[in-house]
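Report on the following structure.
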Amino acid sequence: MQLLSEVKLPLYLAAGNPFDVMDRPDVCGRCEGCACFHRNGTYERYMGDVLRKVARFVCALCGLTVSVLPAFVLPYRPRLIEEVDRYFQAEAEERPQLSYADTLRRYWREWCAHWPALQRQSGWPPVRPLAREPRGYWRQLREAAGSLAAAQKRLIDRYGLSLLRRYACHRAPMRA
């Protein structure tokens, strides 16, 4: 399972150990045990151009493992959310000049395929009418939540949906 934390980018990058800045989950999503998570090591992943450690926890009651990612990264993607936002908001003629344009173009194709399902399944944000095109809906999400990191956290926490795709790690675990 994967959860997101609202830790800020400078704080996270300054910390040598992710456990110094990441809070352990409060309640287990499977067994509903409280204060039952313990450190369970780390794994490495790219966040932008930097290889960083991600905190992993395990529930002492049921064995559920949980990774806690900072909300400023996309699940299973190396680019930071602000880089993706910059690309998505750029005009078509500006996009090829941006860093990592090929990677971000793939993300844009994924967003264009995913946004209708995201809008239909979440019904969020609560603005009406909801945008009928991908850039407009992206903008509505950012404005409703205050940032795309906050929008992503809300979508994953409430609906089990990330910005670019639905992943099994964001669904509520089966009860023990």
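Laboratory data are not the source of any read-out in this text; all were calculated from the coordinates shown. Please read all numbers here as calculations on a predicted model, not as lab measurements. Virtual Cβ from ideal backbone geometry, glycine too; neighbours counted across all protein chains shown.
Structural remarks
- In segment 3-20, the residue that is surrounded by the most Cβ atoms within 10 Å (Cβ to Cβ) out of those that are part of a loop (DSSP other than H, G, I, E, B) and within 17 Å of the chain's Cα centre (by Cα) is V7.
- Of all residue pairs spaced 6 or more apart or on separate chains, those with beta-carbon atoms under 8 Å, a first member in segment 26-44 that is without any contact (Cβ under 8 Å) to a residue 60 or more places away in the chain and over 14 Å from L61 (Cβ atoms) and a second member that is surrounded by 12 or more Cβ atoms within 10 Å (Cβ to Cβ) and of a type in the set (S, T, N, Q) are Y43/S67.
- Residue, surrounded by the most Cβ atoms within 10 Å (Cβ to Cβ), within segment 87-122, restricted to residues that are of a type in the set (G, A, S) and under 14 Å from L155 (Cβ atoms): S122
- Single condition E44 does not satisfy, out of (1) part of a loop (DSSP other than H, G, I, E, B); (2) exposed (fewer than 15 other Cβ atoms within 10 Å of the Cβ); (3) not β-branched (V, I, T): (1)
- Residue that is surrounded by the fewest Cβ atoms within 10 Å (Cβ to Cβ) [pool: residues in segment 47-80 that are closer than 17 Å to P18 by Cβ and of a type in the set (G, A, S)]: G48
Yes or no, residue by residue, for (1) of a type in the set (K, R); (2) within 18 Å of the chain's Cα centre (by Cα):
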| position | (1), (2) |
| --- | --- |
| H114 | no, yes |
| A117 | no, yes |
| S122 | no, yes |
| V127 | no, no |
| R135 | yes, no |
| R139 | yes, yes |
| G146 | no, yes |
| K153 | yes, yes |
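- Selection from segment 21-41 of residues that are more than 16 Å from C169 (Cα to Cα) and not in a strand (DSSP E or B): V21, M22, D23, R24, D26, C31, E32, G33, A35, C36
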